[in-house]
Each structure stands twice: as C-alpha cells, then as structure tokens.
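Peer 1: My structure is below; once you've seen it, I'll send some questions.
The values are calculated or read from the model by the stated rules, or taken from the named source; none is laboratory data. Since this is a predicted model, take the numbers as computed values, not measurements. Cβ placement follows ideal geometry from the backbone for every residue including glycine, while neighbour counts extend to all protein chains displayed. When the accessible area is computed, the model is the full protein with side chains, heavy atoms only, and any ligands, DNA or RNA have been set aside. Shrake-Rupley method; radii C 1.70, N 1.55, O 1.52, S 1.80 Å.
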Amino acid sequence: MSSPLLITKLHIPQARTTRVLRPRLVTRLMQGLARPLTLVSTPAGFGKTTLLCEWIESCKQPAAWLSLDKGDNDPARFWFYVISALQTVYPAVGHSLPDFLNTPNLPLIEILLTELINNLAEQPRPVILILDDYHLIETQAIHDGMLFLVEHASPHLHIVIASRADPPWPLARLRSRERLIELRTADLRFTSVEAAEFLNQAVQFNLNPDEVTALEERTEGWVAGLQMVALSLQGRTDVHQFITAFT
C-alpha cells in the first residue's frame, strides 16, 4: 500500500444540526454490542450514518470509523485503512501488519487477521469498528476476509457494517449462531412522532397532526423524502394545498 493515507476517511462525520434523536434505534444498537456484527442495511437516504454518529456519542465506547470508497476494492489498501482506523483508538494494534501488506505477494489474509484479532484481544477495552458505505466493496477476497474477521472476532471487537445492500455472507448462518443483529428499512423509517419532530422542531414548520401524518405516509417514513419536502415547503404560503397535492 504505497499511496498516502487519506486521514479524513477515518474521521467520524459531524452530526447534522437538524437531526432527530432516535433512542429506540440507539437501544437496538447498544443491545447489538453483545454480538460480533451489526448490519445496518437500507437504501440511500434512511439516515444510517446519522444514526451511527448519534449512537457513538451516546455509547461512550471507543470507536474506529472508516468511510469506504470504490478505491478500497484493492485488498492491500482496504486492510491498510482498516488497521489505520483501529490505530486511531489503539495505536499499537496491527503495528507489524502494514509491512506484510507492502510485500509483493500478499500473505494469506487469515494469517494477518489472526494477528489482528489477537492484538485486539490484548487491549484494555473493546472497540467498535464502523465501515460506512460497505456496498461499494465488490472484491470477493475482501468479503472473505471480513467474514473471517466476523466469525473469529473476540468480544474485544464489534463490527458495524452500514450498507445499501447486504454483503455476500451467509447471513442465515450468522443469525442462527447469534453473531448478528440487523437494522433494516422498516426499522429506520421515521415514525409519525419522529416525522413530527423533524418537521415541526428540527426544521420549524408548524404543521398540524393530520398534515404530518399525510407526509409521513406518502414518504413512507423515508428520511431523505421528508428532507426534500422540508426544502419544498420553505417560503410557501400555500402549505396545506401543497401537502394535499403532494405524492
């Protein structure tokens, strides 16, 4: 991995100023810490990243963040970034692994990951590793390595995958072994209460309950949809007519 490290990929994103706190989902995420893997899988615009940022703020547990992009489909680059993310919490973790990643013939990834798992098991506290936009990863060797990490992780590592699509792993097997907790589209949809909080408090519209319910039902709780509605309502005097006609 000879290219320089882009440090901003390791930064936890700033929380939105107009976010709606979602304690019911934070509670689910907290419960998931008892298992090696949390999968947050929804289409775009359901607030995955915002939710995870809220959770990190509240759980007070060391967390490493990696925002993935298409360039991370190279296995050496991918694992270099994973190790670098973990080193933002525990600098000594995987200190010898980048040297292996720079060798012409990449060793068996299981050997590298075994050392990484052992390193993490020696740390004083567990760490959360969040991989955002995992749907951009298409390389099977990376998927295989991540599955090995999930299946062999000690209680000192909890992995969170935020993705628009399920990773190509045997999820049924992970469920049956109680190594997985999932949050999906039905979970992340705004409820009527959350929609009302967003429209009337976060973006300061004075909508009545029927208007909020109409927008929540027509957007099906899609967070991005409600955000677009909020933008469309700004400066309007015909709010009721707009909502009545909205589809």
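Peer 1: Name the residue, out of Leu86, Leu116, Leu108, that is modelled with pLDDT of 95 or more and aliphatic (A, V, I, L, M).
Peer 2: Leu86
Peer 1: Give me the pairs: first residue in segment 65-93 and outside any helix (DSSP H, G or I), second residue β-branched (Val, Ile, Thr), beta-carbon distance under 6 Å, and six or more apart or on different chains, which are they?
Peer 2: Trp65/Ile12; Trp65/Ile130; Val89/Val127
Peer 1: Being open to solvent by less than 20 Å² (accessible area, probe 1.4 Å), modelled with pLDDT of 90 or more and touching a His at 6+ places or on another chain (Cβ under 7 Å), is that true of even one residue in segment 40-63?
Peer 2: No: zero hits.
Peer 1: Taking the condition of being touching a residue at least 60 places away in the same chain (Cβ under 8 Å) and either assigned to a loop (DSSP other than H, G, I, E, B) or among the aliphatic types (A, V, I, L, M) (or both), how many residues in segment 31-63 meet it?
Peer 2: 18
Peer 1: I've got another one for you. Enumerate the pairs (first residue in segment 217-233 and open to solvent by less than 20 Å² (accessible area, probe 1.4 Å); second residue anywhere and among the β-branched types (Val, Ile, Thr) and not in a helix (DSSP H, G or I)) with beta-carbon separation below 6 Å, excluding pairs fewer than 6 apart on the same chain, so at least 6 apart or on different chains.
Peer 2: Sorted first by the residue in segment 217-233, then by its partner, the pairs are Ala230/Val203.
Peer 1: Could you pull out every one of the strands (runs of 3 or more DSSP E) wholly within segment 120-197 that has 3 or more residues that are touching a Ser or Thr at 6+ places or on another chain (Cβ under 8 Å), in contact (Cβ under 8 Å) with a residue 12 or more places away in the chain and not β-branched (Val, Ile, Thr)?
Peer 2: In segment 120-197, the matching strands (runs of 3 or more DSSP E) lie at 157-163, 180-184.
Peer 1: Working carefully through the options Thr191, Thr185, find the one that is among the polar types (S, T, N, Q) and open to solvent by less than 50 Å² (accessible area, probe 1.4 Å).
Peer 2: Thr185
Peer 1: Continuing with the same structure: If I ask for residues that are out of contact with any helix residue (DSSP H, G or I) (no Cβ under 9 Å at 6 or more places or on another chain) and at pLDDT 75 or above, which ones from segment 223-243 would you list?
Peer 2: If the condition is that a residue be out of contact with any helix residue (DSSP H, G or I) (no Cβ under 9 Å at 6 or more places or on another chain) and at pLDDT 75 or above, then Ala224, Leu231, Gln234, Gln241 are the ones that fit.
Peer 1: From the list Glu216, Glu211, which one is under 20 Å from Arg22 (Cα atoms), part of a helix (DSSP H, G or I), among the charged types (D, E, K, R) and more than 23 Å from the chain's Cα centre (by Cα)?
Peer 2: Glu216
Peer 1: Could you run through segment 5-30 and say how many residues are outside any loop (DSSP other than H, G, I, E, B) and more than 16 Å from Leu131 (Cα to Cα)?
Peer 2: The number of residues fulfilling the criteria is 7.
Peer 1: Does segment 19-39 hold any residues that are open to solvent by less than 50 Å² (accessible area, probe 1.4 Å) and modelled with pLDDT under 90, and which are they?
Peer 2: Answer for segment 19-39, where residues must be open to solvent by less than 50 Å² (accessible area, probe 1.4 Å) and modelled with pLDDT under 90: just Val20.
Peer 1: Filter segment 112-131 for residues that are touching a Pro at 6+ places or on another chain (Cβ under 8 Å) and either of a type in the set (S, T, N, Q) or open to solvent by 10 Å² or more (accessible area, probe 1.4 Å) (or both) and give the result.
Peer 2: Arg125, Pro126
Peer 1: Here is a list of conditions, (1) in a helix (DSSP H, G or I); (2) out of contact with any strand residue (DSSP E or B) (no Cβ under 9 Å at 6 or more places or on another chain); (3) closer than 23 Å to Val40 by Cα, and Val229 meets all of them except one; can you say which number that is?
Peer 2: Val229 satisfies every listed condition except (3).
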